[in-house]
1. Output the number of the condition that L106 fails; it satisfies all remaining conditions of (1) more than 28 Å from D4 (Cα to Cα); (2) open to solvent by less than 40 Å² (accessible area, probe 1.4 Å); (3) not aromatic (F, W, Y).
2. Does the range 21-33 contain at least one residue that is farther than 19 Å from M115 by Cα, open to solvent by less than 40 Å² (accessible area, probe 1.4 Å) and modelled with pLDDT of 90 or more?
3. Return yes or no: is T98 closer than 16 Å to K17 by Cα, of a type in the set (V, I, T), in contact (Cβ under 8 Å) with a residue 60 or more places away in the chain and open to solvent by less than 20 Å² (accessible area, probe 1.4 Å)?
4. Right, L120: in contact with a Ser or Thr (Cβ under 8 Å, 6 or more places away or on another chain), crowded, with 18+ Cβ neighbours inside 10 Å and at pLDDT 95 or above or not?
5. Do we have S77 as open to solvent by less than 80 Å² (accessible area, probe 1.4 Å) and either within 19 Å of V97 (Cβ to Cβ) or of a type in the set (G, A, S) (or both) here?
6. Tell me, yes or no, whether the range 138-159 has at least one residue that is part of a helix (DSSP H, G or I) and at pLDDT below 90.
7. Can you report the number of residues in the range 34-70 which are modelled with pLDDT of 90 or more, within 20 Å of V97 (Cα to Cα) and buried (at least 17 other Cβ atoms within 10 Å of the Cβ)?
8. Are there any pairs with C-beta distances below 9 angstrom linking a residue in the range 134-150 that is surrounded by 14 or more Cβ atoms within 10 Å (Cβ to Cβ) to a residue that is basic (K, R) and modelled with pLDDT of 95 or more, with the two at least 6 apart or on different chains, and if so which?
Amino acid sequence: INYDLSCLPNKFLDEAKKILPNKNYIGFSVTQGNFYRKKSWSIQNFIKLANKIILKGKVPVFFIEKDNLILINKIKSEVPGALFPEQEFNLSSPALVTALASRLDLAISIDNGVMHMIGLTNIPMIVLFGPTNSKKFAPKNNLIKILDSKNIYNSNDINTITVEDVEKLI
């Protein structure tokens, strides 16, 4: 079922347009909520990929909770021009994340809750899977490209997926 973005409150859609007013945004969702399974791709891989997309005229947008300052500051120091839209808004909400994601040209995510919020927008996504089941948990639409370490490298380790694997799908 395709989600109708007009169902989101206008305050979130309007705020998303203010925070991300242009085009050429590529979103990154890099953190996992539950740590019982290692499903995070190396932050250095995300940083390397973000810097490569900057060279192609794109703007990296990181979806990271605003209280995760150590990670945000690390990325800011290594990815010039990276945006952190959730820092721009006082209200933290899944509706805001979905509204912001609707402004993206593409999103790259691990298997996490933000991936599902982005998936509601029906934008192109590249989703990375390691130990979890991509057939069960990946958003279902024709714009989703899945990189599953189990299928590609016969490994539960998401970090066997390379930056180049993701780049090929961008």
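1. (1)
2. Checked against the condition, which is being farther than 19 Å from M115 by Cα, open to solvent by less than 40 Å² (accessible area, probe 1.4 Å) and modelled with pLDDT of 90 or more, the range 21-33 yields no hits at all.
3. Answer is yes for this residue.
4. no
5. No.
6. no
7. 9
8. S134/K150
The values are calculated or read from the model by the stated rules, or taken from the named source; none is laboratory data. All values reported here derive from a predicted model rather than from experimental measurement. Glycine gets a Cβ as well: all are built from the backbone with ideal geometry, and neighbour counts include every protein chain shown. Side chains are part of the model used for accessible areas, which takes the heavy atoms of the whole protein and leaves out ligands, DNA and RNA. Shrake-Rupley method; radii C 1.70, N 1.55, O 1.52, S 1.80 Å.
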